Amino acid sequence: MADAAEMKDYQKVLLLAAHLFEYPDAVWWADLEDCRKAQREIENAQASSVFGDFLDFVEETGAKEYEDLYVRSFDFSQNTNLYLTTQERTDFGKQSQEMHHYKELFLANGLDMPNQLPDYLPDLLELSAALPPEQAGKVLGSIVELLRTRFIEAKLPHAFLLDIILTETVGLEVKP
């Protein structure tokens with residue numbers, strides 16, 4: 001991937017969001033200063049501000065409490081987990097087709113995630129950032145809107161990250 005100076009703003013937004021949705025282990029915490037730097041490199045003032053506020057929240061919350069929030073929100077909740085095909089799990093055949101579609105999307109773009117399910121939000125955000133704008137806007141689709149609604153209902157601060165993702169990807173879809 002190109003360095004930050006060569007990346008488009010949507011790529012910076014998607015990559016930073018992808019990282020912030022990862023599990024907050026020791027490496028994740030050590031990377032927070034790099035996240036601050038990435039946040040300052042985002043040209044969209046609203047997106048930069050939202051990321052700044054989220055990073056402030058994370059730092060003020062502290063490692064133990066934030067990890068507890070993360071685990072409760074994403075590991076132990078069926079409604080707010082980060083695996084997109086489980087969000088509408090009424091039809092397991094459809095879920096399987098969507099999973100296959102995501103896997104093909106990764107493979108078609110020269111990426112393989114052998115140790116991760118292909119519908120994991122952080123990985124899809126990274127994939128979207130690697131795609132041309134007209135394709136990136138289509139990868140996540142309406143499922144991110146559903147996830148955002150559920151995050152809002154659960155009062156998760158991560159809903160603000162999804163707002164920024166939706167703003168970026170909707171903007172990409174409408175461009176010629």
Legend entry - Filter result for the condition that a residue is farther than 21 Å from Y66 by Cα and at pLDDT below 70, over V174, V144: V174
Legend entry - So F160, is it at pLDDT 80 or above, among the aromatic types (F, W, Y), touching a Ser or Thr at 6+ places or on another chain (Cβ under 7 Å) and under 21 Å from S49 (Cα atoms): no
Legend entry - In region 9-30, residue farthest from Y83 (Cα to Cα) [restricted to those that are of a type in the set (A, V, I, L, M) and either surrounded by fewer than 17 Cβ atoms within 10 Å (Cβ to Cβ) or in contact with a Pro (Cβ under 7 Å, 6 or more places away or on another chain) (or both)]: A30
Inset, instruction - Could you pull out the residue among E65, E33, E59, E6 that is surrounded by fewer than 20 Cβ atoms within 10 Å (Cβ to Cβ) and closer than 25 Å to V139 by Cα? - result: E6
Inset, instruction - Return only the number of the condition from (1) open to solvent by less than 50 Å² (accessible area, probe 1.4 Å); (2) modelled with pLDDT under 85 that D112 does not satisfy. - result: (1)
Inset, instruction - Just give me the residues in region 36-56 being closer than 27 Å to P132 by Cα, touching a residue at least 60 places away in the same chain (Cβ under 8 Å) and surrounded by fewer than 17 Cβ atoms within 10 Å (Cβ to Cβ), in sequence order. - result: Q46
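The values are calculated or read from the model by the stated rules, or taken from the named source; none is laboratory data. The structure presented is a predicted model; accordingly, all values stated were derived computationally and were not measured. Cβ atoms come from the backbone with ideal geometry, glycine included; neighbour counts cover every protein chain shown. Quick note on the areas: whole protein, heavy atoms, side chains included, nothing else; ligands and nucleic acids left out. Shrake-Rupley method; radii C 1.70, N 1.55, O 1.52, S 1.80 Å.
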